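Accompanying notes for the structure given below.
The values are calculated or read from the model by the stated rules, or taken from the named source; none is laboratory data. For clarity, every value in this text was computed on a predicted model and none was experimentally measured. All Cβ positions, glycine included, derive from the backbone under ideal geometry; neighbour counts span all protein chains shown.
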Amino acid sequence: MNQPPGSPATALVNAAGWTPTRIRALGSVTDVPTAAAIFGIGRSAAYELVRLGSFPVPILRLGSRYRVPVAAILAALRMPVDTGDEEIRRTT
């Protein structure tokens, strides 16, 4: 079923679209709920997977907080990790 471009259902899909650029913009690490949203996993299920050691990518535990490396998310989704900007920064 096709939705008209301005319909609420289309807006929701577009708002939830995770592109490599949008994921990279998160920085070097993100939190578990954000990583879960990228993988299409609910928050409760994500924390259960973390507890079981079965989250789709390695999780960093920093004190009482969990962090997820953005590069690992990109790699797991077979998205380019590097944008090529690093080479430009090294030469300037």
If we keep just the residues of region 40-75 that are part of a helix (DSSP H, G or I) and in contact with a helix residue (DSSP H, G or I) (Cβ under 8 Å, 6 or more places away or on another chain), which is farthest from G17 (Cα to Cα)? V50
Mind checking which pairs have a first residue in region 21-34 that is within 17 Å of R51 (Cα to Cα) and a second that is in a loop (DSSP other than H, G, I, E, B), Cβ under 9 Å, 6 or more apart or different chains? V32/F55; V32/I59; T34/L26
Which ones in region 43-62 are surrounded by fewer than 16 Cβ atoms within 10 Å (Cβ to Cβ) and either of a type in the set (D, E, K, R) or modelled with pLDDT of 95 or more (or both)? R43, S44, A45, E48, R51, L52, G53, S54, P58, L60, R61
